Amino acid sequence: MDDKKKRQSMILYVIIAIAAIVALNSVVYPNMQRATVKDVSYDQMLDQVDEDQVEKLVFNTGSNQITYTLKDEANVTYRTTYFPNDNTLVDRLKQHNVNFSAKQEDQSSGLWLYFLLSYGLPIIIFVGIGWWLNRRMKKAMGEDGPSMSFGSGFGMGGGLGKSSAKEVKGEETGVTFKDVAGQDEAKESLEEIVSFLKKPEKYNEIGARCPRGALLVGPPGTGKTLMAKAVAGEAGVPFFQISGSEFVEMFVGRGAAKVRDLFKQANEKAPCIVFIDEIDAVGKKRDMSINSNDEREQTLNQLLSEMDGFDNHKGIVVLAATNRPETLDPALLRPGRFDRRIPVELPDLTGREAILKIHANDVKMEPGIDLGIVARSTPGASGADLANIINEAALRAVRNGRKRVTQEDLLESVDVVIAGEKKKSTVLSQHEKEVVAYHETGHAIVAATQKGAAPVTKITIVPRTSGALGFTMQVEEDEHFLTTRTEAKQKIATLCGGRAAEELIFGEMTTGASNDIEKATQVARAMVTQYGMSDKFGMVALGQQRSRYLGGGQELACSDGTAQEVDAEVERLVEEGHQTALKILKDHRFKLHEIAHYLQKKETITGDEFMKMFTRDDGFAPNLPRVDDAK
Ligand code: ADP
Ligand code: MG
Ligand code: ZN
């Protein structure tokens, strides 16, 4: 969770708490007024009895006190101390018809209630809300590791300024490099750290200095956290995990205190690993802007000084992970801090297959399952996505009452992870279904006719929970790392194929192509600003990637005039792709009709079925106009 959200919850919290106290005091306090107690002298009481004002009187034998109420002032309780040797009181009360009794109980319990309601209750509510918010925040963060701070220190007593010893725990992780598939380069870089942690003396003897810190950088879900744990597991040392966002505290000074405490603990348990997940939350560049976060800076400064200060001979290694290395403060990356940067990239084809295999070991599978096809269908998937695919497949098998996962379960769960669950509640009209069928067939045909495009493996018009009404899946036969300009152009054309088919057949556009348009524009923009692939600008980097690992957009680094030209160039590229798609579909319009009709009936067809239909020579010359072309 970022600072902003946290601060918002904090503000919300304070508002609720204040509202609660105001409400309590405006409702409860006036009521309590009725139970107001007035202390009076004994003599005054006697006067009131004599004047027949007293309604009811109680002797409190425990406290030796008398409390009474008056006939015309029922909401005030009078109190006085019993005069020891007054034997006449009872007679006097009888004489004036006062209702009197004796009680053991202390009548001041009303006062207790008052204190409880006006002070105790708000405090309970305060703490309760704090606890609740804390839980919500934790849930929002998906935190499973050591607990966050805010509830623990929040109660009535102490805690606020104290460091948070409980929050970080060293643990043996039980994860080893065997649990991490692929990522061989990253593992290799970490090997040295493992061997240092195993035998720090060996390094000390020679006088070698081991890295104090290493920074794991890469997109989310690629196994950074997993690998940090594996290092601890391999070396058999304790593992202190804390997330950067946990440092950014609601109370100034807490974050820094936590850092100090964390390193103190690490120092006691050395050799060990301190793992700071999402370090960008604390490690953002310190800047001069007005809304700079003092708390964060203090925490960062503390972290830097701890890293400089600790005794490296003992064997403390600080690992950190981030998917926004570009936002980190340069001070963090200086020698002696996180000077080693270990890229953890998205897995390639072999990596994906290996990851699938590892996770497939945990579930029961039918013999002869081909994980390769799954790996090929999931370019760009992270390790976490792949683990999720296996799990979804297992869930599906259970849902269908099977004991083992089948190939079909796997392929279906690829769709689920890529496009979302099938959505039964979306009922398309006949016409809409027809439009979607033509749209998807359009993509498929444009892809199939262009050499550089990945083969189609599946076309479906079953609506998905992600909002997609259908999709066409293409799978590269093998991985390639360079994209040619021709391929990029073909990709744009393929993306335009859906809309082009709609236009061609129905002479109308629908909103169904919005995602395609967005993607096509992205590709075109990258061609112009990043890859120097446009004729107009040539090899000039006009843009700056905002966030490499999070797929952040581009920031144009050029003059306004040029920016306009860039837009025009992007538009031109997309339009070119659109025209290509239109032309291809015009050339193959019989196939378009045939396959779209078939798809409408079947709802899902495989790539093989599609290719068979597409390449079958059914006696018509593809370019010969037919009757329904008049449409
Ligand atoms: P990150 O910290 O990079 O966001 P995680 O380490 O939290 O990613 O990975 C999430 C999950 O994805 C892991 O618990 C693991 O199940 C799976 N995973 C990711 N990468 C791999 C990998 N290389 N090998 C095996 N499992 C992986
Ligand atoms: Mg992580
Ligand atoms: Zn589309």
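Only one of these is of a type outside the set (A, V, I, L, M) and buried (at least 18 other Cβ atoms within 10 Å of the Cβ): 368, 380, 372, 351. Name it. Can you show your working first?
Values: 368 fails: buried (at least 18 other Cβ atoms within 10 Å of the Cβ); 380 fails: buried (at least 18 other Cβ atoms within 10 Å of the Cβ); 372 fails: buried (at least 18 other Cβ atoms within 10 Å of the Cβ).
Checking each option against the conditions leaves just 351.
Which of the residues spanning the range 594-614 are without any contact (Cβ under 8 Å) to a residue 40 or more places away in the chain and over 40 Å from the mean Cα position of the chain (by Cα)?
Just the residues of the range 594-614 that are without any contact (Cβ under 8 Å) to a residue 40 or more places away in the chain, to begin with: 594, 598, 601-602, 608-609, 612-613.
Result: 594, 598, 612, 613.
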**Message:** With the requirement that a residue be farther than 15 Å from residue 446 by Cα, in contact (Cβ under 8 Å) with a residue 24 or more places away in the chain and under 31 Å from the mean Cα position of the chain (by Cα), what does the range 469-492 give you?
**Reply:** 469, 470, 476, 479
**Asked** residue 135 versus (1) open to solvent by 70 Å² or more (accessible area, probe 1.4 Å); (2) at pLDDT 75 or above: which is the lone unmet condition?
**Response** (2)
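Output yes when any residue across the range 195-212 is assigned to a helix (DSSP H, G or I), within 16 Å of ligand 2 (Cβ to nearest atom) and modelled with pLDDT of 85 or more, and no when none is.
Within the range 195-212, the subset assigned to a helix (DSSP H, G or I) is 195-198, 200-206.
The next check asks that each one be within 16 Å of ligand 2 (Cβ to nearest atom); those that pass are none.
Scanning the range 195-212 turns up no residue that is assigned to a helix (DSSP H, G or I), within 16 Å of ligand 2 (Cβ to nearest atom) and modelled with pLDDT of 85 or more.
Give me a count of the residues in the range 354-365 that are open to solvent by 70 Å² or more (accessible area, probe 1.4 Å) and touching a strand residue (DSSP E or B) at 6+ places or on another chain (Cβ under 8 Å).
The initial filter retains those residues of the range 354-365 that are open to solvent by 70 Å² or more (accessible area, probe 1.4 Å), namely 357, 361-362, 364.
Add one more test, that the residue is touching a strand residue (DSSP E or B) at 6+ places or on another chain (Cβ under 8 Å), and what stays is 364.
Within the range 354-365, residues that are open to solvent by 70 Å² or more (accessible area, probe 1.4 Å) and touching a strand residue (DSSP E or B) at 6+ places or on another chain (Cβ under 8 Å) number 1.
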**Complete:** From the option list 433, 451, 424, 458, single residue qualifying as assigned to a strand (DSSP E or B) and open to solvent by 10 Å² or more (accessible area, probe 1.4 Å) is 458
**Asked** In the range 55-70, what residues are within 9 Å of residue 82 (Cα to Cα), open to solvent by 20 Å² or more (accessible area, probe 1.4 Å) and among the β-branched types (Val, Ile, Thr)?
**Response** none
**Prompt:** Scanning the range 554-587 for residues that are more than 26 Å from residue 509 (Cβ to Cβ) and acidic (Asp, Glu), which turns out farthest from the chain's Cα centre (by Cα)?
**Reply:** 565
**Selection from the range 469-501 of residues that are surrounded by fewer than 20 Cβ atoms within 10 Å (Cβ to Cβ) and assigned to a helix (DSSP H, G or I)** = 485, 486, 487, 488
**Fill in**
Within the range 339-364, residues farther than 23 Å from residue 457 by Cα and not in a helix (DSSP H, G or I) come out as 339, 340, 341, 342, 343, 344, 345, 361, 362, 363, 364
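Residues are listed down the side, and each one gets a yes or a no for (1) buried (at least 19 other Cβ atoms within 10 Å of the Cβ); (2) within 14 Å of ligand 1 (Cβ to nearest atom); (3) under 21 Å from residue 340 (Cα atoms):
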residue: 209; (1), (2), (3): no, no, yes
residue: 224; (1), (2), (3): yes, yes, yes
residue: 228; (1), (2), (3): yes, yes, yes
residue: 244; (1), (2), (3): yes, yes, yes
residue: 262; (1), (2), (3): yes, no, no
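The values are calculated or read from the model by the stated rules, or taken from the named source; none is laboratory data. Since the structure is predicted, the reported quantities are computational estimates derived from the model, not experimental observations. FYI the Cβ positions are ideal-geometry reconstructions off the backbone, even for glycines, and counts take in every protein chain you see. The protein model used for the area step is the full one, side chains on, heavy atoms only, and it has no ligands, DNA or RNA in it. Shrake-Rupley method; radii C 1.70, N 1.55, O 1.52, S 1.80 Å.
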